[in-house]
Amino acid sequence: MQSNAMPAEPGLSRLVRFLPVEVRLLAVTALVGALAVVLVLAMGRSVNLPPFLAGYAATLGLALIGGYVRQAKATPRIALALVGAAIFTGFTAVSSIFIFALFPLPNPLIDPALIRADAALGYDWPTVVAWLADYPGLAWLLGWIYHTSLVQILLTIVVLAALSRPTELHRFLLVGMLTLILAVAIWWVVPSVGPSAFHSIPEAQRQATGLYFNPAYGQHLLKLVEVGPGRISPEVITGVVAFPSYHMIMALMVVWFTRATPVFLPALAVNTAMVPATLTHGGHHLVDLLAGLLVFALGVWMANRLIRRA
């Protein structure tokens, strides 16, 4: 994959222009979307298609606008940001359907083994939540930080585009795609849903910390694993891949790819706090984060070899 500017298709070059690497990344997104449709049909899943199709149309429209402003308006930085955002949102959307179509999972959950591994490392999720309940202000801040991951990804796309760093931007996008594919593959083979399905947090502590997780949510996760969703729809899509932690991967992505930019220090500060936020509000095992670090490193290694500097 190269980042040099060339028209993707001669027939489209009069109106829009995509970089070859953008074409490839969009093609991967389309391929995952096609695989999701095949999997849904093969598994006989019920899908609420209209909102998903509307999202896909918006993604395609955003990509076309980006290609248009590059060709007709000669604004390459805006084009980089628009097409990059389209690739990210599109891949995220098609991946969510693919992931939920994988339920029910074929293998037993490995959470008991992960809980034992955490204990060997001196980590216990209920104990950390109980401690956090004594500091509601900190709990609120960590909860807010936890929900900034997707916004941070989009802001990183904008920053790299504004600084005219297409190679770094495309590597950033590719790392996100590769690591999600790797994380889902690992999770499907050795599935886990996090400690919330195996520990009951007292209601007073849950309210004090603002945790989303409660016993009912834990049972919901176990039901997904055993019988799958009744219908795949945007309102039921939630984070289910626990090991490796994709939140950890996204935090590492933002820090790594902003390291030579003016926003590095704020990104580092926020995503340092993302570690305890992911453990508590994300309902993760400690080893989930360690696995996320390894998957991220592999994703960067692969992306650096697939996308060479121009």
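Values in this text are rule-based calculations from the coordinates and carry no lab data. Since this is a predicted model, take the numbers as computed values, not measurements. Here the Cβ is made from the backbone with ideal geometry for all residues, glycine too, and neighbour counts use every protein chain on show.
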Computed lengthening from Leu268 to Ile65, 0.36 nm per intervening residue step minus Cα-Cα distance: 69.9 nm
Paramagnetic label zone (point 7 Å from Cα along Cα-to-C-beta, Ala57; backbone N under 19 Å) in region 84-106: 86-87, 89-91, 93-94
Region 57-200: mean projected area of Cα convex hull, nm²: 11.6
For peptides 302-309, 44-51, sequence by mean Cβ density within 10 Å, most packed first: 302-309, 44-51
FRET E, pair Leu150, Leu31, Förster distance 30 Å, beta-carbon r, rounded to 0.05: 0.85
Region 158-255 - Debye-derived log10 I(q)/I(0), Cα point model, q = 0.21 Å⁻¹: -1.12
Rounded Å value of the spacing that divides the Cα centres of region 145-204 and region 95-118: 17
With Cα atoms, 0 to 90° folded angle of helix 149-162 axis to the chain main axis: 20
Helix-only [θ]222 nm of the chain, DSSP H runs n ≥ 4, -39500 (n - 2.57) each, per residue, nearest 500: -22500 deg cm²/dmol
Once the Cα gyration tensor of the chain is diagonalised, semi-axes √(5λ) in Å: 35, 23, 17
Protection proxy ranking, peptides 97-106, 256-265, average beta carbon neighbours within 10 Å, highest first: 97-106, 256-265
Whole-Å distance, taken between Cα centres, linking region 255-310 and region 67-94: 23
